[in-house]
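The structure appears below as structure tokens.
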Amino acid sequence: MSRAFESLTIGRWQLPQRFVMAPLTRNRAGAGHAPTTLNAEYYAQRAGAGLIVTEGTAPSEVGQGYLDVPGLYTDEQVAGWRLVADAVHARDGVVVAQLMHAGRIAHADNKDGAETVSASAVQAPGEMVTASGPQAHDVPRSPGTDEIAGLVADFVTAARNAVEAGLDGVEVHAANGYLLHQFLDPTINLRDDVYGGTPENRARFVVEVVTAVAEAIGADRVGLRLSPGHQFNGVGEELGPDLSATYRAVVDGIAPLGLAYLSLLASPLEPLEALVRDLRERFAGVVLLNDGFGDLTTLKSVENLLATGLADAVVVGRQFLANPDLAERWRTGAELNEPDQATFYGGGAEGYTDYPTLEAS
Ligand SMILES: Cc1cc2nc3c(=O)[nH]c(=O)nc-3n(C[C@H](O)[C@H](O)[C@H](O)COP(=O)(O)O)c2cc1C
């Protein structure tokens, strides 16, 4: 039997297998950035993932970036997430909300004119899709040192709201060039206070957010996602001693908390292998791995990643998007639906809840 189908305990959850559903932004939240019954149906269809990490979800209006992304900062949003939690639990799944503050990857038109903040006032390259078409990203405002506690508090409130909605926990998103990653990256974080400069200072905000969230809802239902050196959304991190020191500072800062898991988006091959190995050893808890946006994750690649010994489980994105019953298909060697890229971001049921299960096809 494949190692992929060995059970695994992550935090307070007993999972049937060693692959979980990746956070996937789908831009289909309803009015007021609240999840809908359609969103609940989508997640419920994928309950067989064992653990679902939801799409990136904003902890505040300022933290919104893309069109139609859900939030966890209003009563309507909590009610919407309750639909999701109840539907996934009815099918024995586990679902945690990924808390994603977009930082500078944002446009005010996507958030009722709310402002955009980042570590420093450095505009992201590229454009953001808005209702009136693509526009340059906002030039962010750099919050003062005395405002950082308020940003931390937003994550805590959102985490409490996730629990209030009946979700099983949260994943703090410090990867892929969003706010927390913007603080880690020395090309975006130009601050000269205690949140900038040295690797330890750049790591401080991430450590403070994760620590506060873990204290608020319990470390055993909190995960953290990192993507060291992932040059996405204008991230300029380069491989080298500064990168290693920065991510070591993050992991050393959060390791004593006893989090449910650390999720790394990184290739475990050279040149990142040594860093991934180092972070895994320093963390000393459950490590989830995803090797990036290139090829689709296959059952074979799950097995290969597990065989490196660098991960306890693998995070699977597009195959779960296209195959609600992926675990069953992989277990039985059945054919797979192809993900349709044209319907990844935005729209309705098409390319969302209409991928057939084996049973239906
Ligand atoms: C449509 C889409 C949306 C994504 N949204 C998020 C997100 O909200 N948060 C995140 O951390 N990663 C996000 N990712 C990255 C995935 O979690 C995953 O790392 C990536 O798809 C590579 O894994 P795969 O080859 O198994 O698809 C997204 C990827 C895709 C394709």
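What follows is calculated from the coordinates using simple rules that are stated; it is not laboratory data. Remember, predicted model here, so these are calculated numbers, not experimental data. Cβ sites come from the backbone with ideal geometry, for glycine too, and all protein chains shown count toward neighbours.
Assorted remarks:
- Residue-by-residue Karplus 3J(HN,Hα) for region 140-155, coefficients 6.51, -1.76, 1.60, Hz, glycine and proline x: x, 8, 8, x, x, 3, 6, 9, 5, 4, x, 5, 4, 4, 4, 5
- Cα-based Rg and Dmax for region 212-259, where Dmax is the largest Cα-Cα distance (Å): 13.0, 35
- With contacts taken as Cα pairs under 8 Å at a separation of at least 6 residues, the chain carries a relative contact order of 17 percent.
- Evaluated at q = 0.09, 0.19, 0.20 Å⁻¹: base-10 log I(q)/I(0), Debye formula over Cα of region 210-361: -0.36, -1.18, -1.22
- Between the amide H of R141 and those of T116, V117, S118, distances stay under 5 Å, these residues lying 5 or more places away or on another chain, with hydrogens modeled in the peptide plane.
- For region 276-361, the Stokes-Einstein estimate of translational diffusion at 37 °C and a viscosity of 0.692 mPa s comes to 226 µm²/s, using the Kirkwood hydrodynamic radius over alpha-carbon pairs.
- Part-to-part distance (alpha-carbon centres) for region 22-65 and region 274-352, which is given in Å: 18 Å
- D (Stokes-Einstein, µm²/s), Kirkwood Cα radius, region 3-343, 1.567 mPa s at 4 °C: 65 µm²/s
- Ranked packing of 20-31, 349-360, 163-174, most packed first, by mean Cβ within 10 Å: 163-174, 20-31, 349-360
- DSSP-defined antiparallel bridges as percent of all bridges, region 3-343, nearest 5: 20 percent
- Debye-sum result for region 1-147 in log10 I(q)/I(0), which assumes one identical scatterer on each alpha carbon, at q = 0.11, 0.15, 0.19, 0.22 Å⁻¹: -0.49, -0.80, -1.05, -1.23
- Backbone amide hydrogens, once placed in the peptide plane, bring F19 within less than 5 Å of V314, excluding anything fewer than 5 places away on its chain.
- Potential extension, A31-R82 segment - 0.36 nm per residue separation minus Cα distance: 16.8 nm
- With each label modelled as a point 7 angstrom along the Cα→C-beta vector, the T74-A153 pair spans 2.1 nm.
- With helices as the sole contributors, the chain gives -9500 deg cm²/dmol at 222 nm; each DSSP H run of n ≥ 4 counts as -39500 (n - 2.57), and the sum is divided by every residue.
- Burial ranking of peptide ranges 116-122, 98-104 (average Cβ count within 10 Å, highest at the top): 98-104, 116-122
- Here is the tail figure for region 1-50: Cα pairs spaced more than 12 Å apart come to 71 percent of all pairs.
- Overall form of region 162-245 per C-alpha gyration tensor (a/c, 1.5; a/b vs b/c): prolate
- Compared with the rule-of-thumb size 2.2 N^0.38 Å for a compact globular protein, region 198-282 has a Cα radius of gyration ratio of 1.07.
- ³J(HN,Hα) computed for each position of region 87-95 - Karplus, 6.51 cos²θ - 1.76 cosθ + 1.60, integer Hz, glycine/proline x: 5, 6, 5, 4, 10, 6, x, 10, 9
- Stretched out straight at 0.36 nm per residue, the stretch from D146 to Q14 would grow longer than its current Cα-Cα span by 43.5 nm.
- Binned Cα-Cα distances of region 74-215, short to long, each 10 Å bin given as a whole percent: 12, 36, 33, 17, 2
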